Amino acid sequence: MTTGPGYRLTRGGSDRRTPKRRPHVAIITSPVKGFNGSIVGVAFTDGVAESTIEGALLYFDRKGYTIDRGETADKPVAKMNKDELVAYAAEYGIDLGDADTKKDIAAAVTAVVTSE
């Protein structure tokens with residue numbers, strides 16, 4: 001059985017050739033003008049960084065950083081309701097397994113989003 005980029009293992013053990021779509025890249029601007037360095041694994045150059053890591057974006061949002069998700073960006077996982085999470089998982093090809101509660105579905109989606 002082949003796994004890797006372009007493949008994902010399904011519940012039955014078979015693989016499907018449906019590549020996962022990547023979340024949109026968010027542009028993060030530091031409140032400290034010209035900051036260079038790394039915070040929560042995200043590298044800043046001249047006060048600006050890019051990331052798709054939802055956990056990092058939530059951190060930056062709480063700490064007052066400016067986050068530009070672009071016009072087509074998705075709503076943050078933490079702010080989605082159960083139906084939105086299920087639709088998001090279907091759109092990005094995320095296998096939810098046995099997850100049926102909002103908390104379990106959000107955990108499954110977040111695990112995939114933060115691992116990419």
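Quick notes on this one:
- Checked against (1) more than 17 Å from the chain's Cα centre (by Cα); (2) at pLDDT 90 or above; (3) not in a strand (DSSP E or B), D104 passes all but a single condition, namely (1).
- Look at region 77-88: where a residue is closer than 15 Å to D104 by Cβ and a partner is of a type outside the set (A, V, I, L, M), sitting 6+ places away or on another chain with Cβ atoms under 6 Å, you get V77/E54; V77/T110; K82/K102.
- Whenever a residue of region 22-46 is of a type in the set (F, W, Y), it has no partner that is modelled with pLDDT under 90 and part of a strand (DSSP E or B) lying with C-beta atoms less than 7 angstrom away and at least six residues away or across chains.
- Residue that is surrounded by the most Cβ atoms within 10 Å (Cβ to Cβ) [pool: residues in region 62-83 that are part of a helix (DSSP H, G or I) and at pLDDT 85 or above]: K82
The values are calculated or read from the model by the stated rules, or taken from the named source; none is laboratory data. What you are looking at is a predicted structure, and each value in this text was computed from that prediction instead of being measured. Heads up, the Cβs are rebuilt from the backbone with ideal geometry, glycines too, and the neighbour counts pull from every protein chain shown.
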